[in-house]
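**Student:** Input: one structure, supplied below.
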Amino acid sequence: MSALEGKVALIVGVANGHSIAAGCAQAFAGAGAEVALTYVNETAKPYVQPVADAVGAKLLLPLDVEVPGQMEAVFAGVKDRWGRLDILVHSIAFCPADDLHGRVTDCSQAGFARAMDISVHSLIRMARLAEPLMTKGGSILTMTYYGGEKVVDHYNIMGPVKAALEGTMRALAVELGPKRIRVNAISPGPLQTRAGSGIAHFDELIDAARARAPEQNLVTIEDVGAVATMLASDASRSISGDITYVDGGLHVRA
């Protein structure tokens, strides 16, 4: 039997076929899961549709976490289709460009609040909606980055935001643990994704990661998807509140 045979997975954050969430969708489908995907708006849908078609997604629904009611509608759609949820992948993050490219010292209150709402509080809201659907336990995964642990040049305000995401993940793991709902974070190395390209000097960050990683290579969305599959499977039933690095060992370097 495949690792995720019979499981239902909702994956939020597919932007296109090169995104981390797409790698998770491909891996989950390959491992036997039934998959539901979301797209942020009608402009983005044509880039997400090919991913949905490739993985045989049973649902493809709009979800902009800033639009009232859309998140609730997505989880209602999952409930109507399957009556339950086994896996949730939260792979979204955002910060207004002016605040992302400036110093943390200069980050605006509005920009910080928006980055925290979209990147962190959305995980809380999704976990709250997933909880009643995970009647036999489940796995919630979110995506972080080493910049939440150490200061990474040019990552700027997203460092504190990811630190908050990691703290939130741990709190959710403790609160949802009695219901056998595990909550973990995956920390990939730098990847050539649309989200990553918004970071200033991103090419320099990519080159430095390739040079400094013990394996001297960049990770791929397939690498991340494979680890996500492991963490979503019953083989990881005793792993919760943890950060799993998928960066070729980059995080161990001083």
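What follows draws every value from the coordinates through simple rules; no lab data is involved. Since the structure is predicted, the reported quantities are computational estimates derived from the model, not experimental observations. Heads up, the Cβs are rebuilt from the backbone with ideal geometry, glycines too, and the neighbour counts pull from every protein chain shown.
**Student:** Could you tell me whether the stretch 1-112 comes out rounded, prolate or oblate from its Cα gyration tensor? Rule is a ≥ b ≥ c as square roots of the eigenvalues, rounded for a/c under 1.5, then prolate if a/b exceeds b/c, otherwise oblate.
**Tutor:** Numbers: a/c = 2.20, a/b = 1.85, b/c = 1.19.
Prolate shape, in that a/c is at least 1.5 and a/b is the bigger ratio.
**Student:** Okay, helix-only estimate at 222 nm for the chain: each DSSP H run of n ≥ 4 adds -39500 (n - 2.57), divide by all residues, round to 500 deg cm²/dmol; what do you get? Before the final figure, lay out each step's value.
**Tutor:** On the way: 9 runs with 98 residues, N = 254.
Result for the chain: -11500 deg cm²/dmol, rounded to the nearest 500.
**Student:** For the stretch 203-222 and the stretch 70-102, compute the distance between their C-alpha centroids and round to whole Å.
**Tutor:** So the separation of the two Cα centres works out to 28 Å.
**Student:** Now a separate question. Fully extended, how many nm does the chain gain between Ala113 and Ile239 (0.36 nm per residue separation, minus their Cα-Cα distance)?
**Tutor:** Result for the pair: 42.3 nm of gain on full extension.
**Student:** Also, I was wondering about something else. Between Ala97 and Asn217, what FRET efficiency comes out of the Förster formula 1/(1 + (r/R0)^6) with R0 = 41 Å and r the beta carbon distance, rounded to 0.05?
**Tutor:** That gives a FRET efficiency of 0.85.
**Student:** On to the next question. Could you tell me the number of lysine pairs in the chain with C-alpha atoms less than 26 Å from each other, where the two lysines are 8 or more residues apart or belong to different chains?
**Tutor:** Close lysine pairs under the 26 Å cut-off: 14.
**Student:** Next up: Can you list the DSSP H helices in the chain whose Cα atoms extend at least 20 Å along the helix axis and whose mean Kyte-Doolittle hydropathy is -1.0 or higher?
**Tutor:** Those that clear 20 Å and a mean of -1.0 are 158-176.
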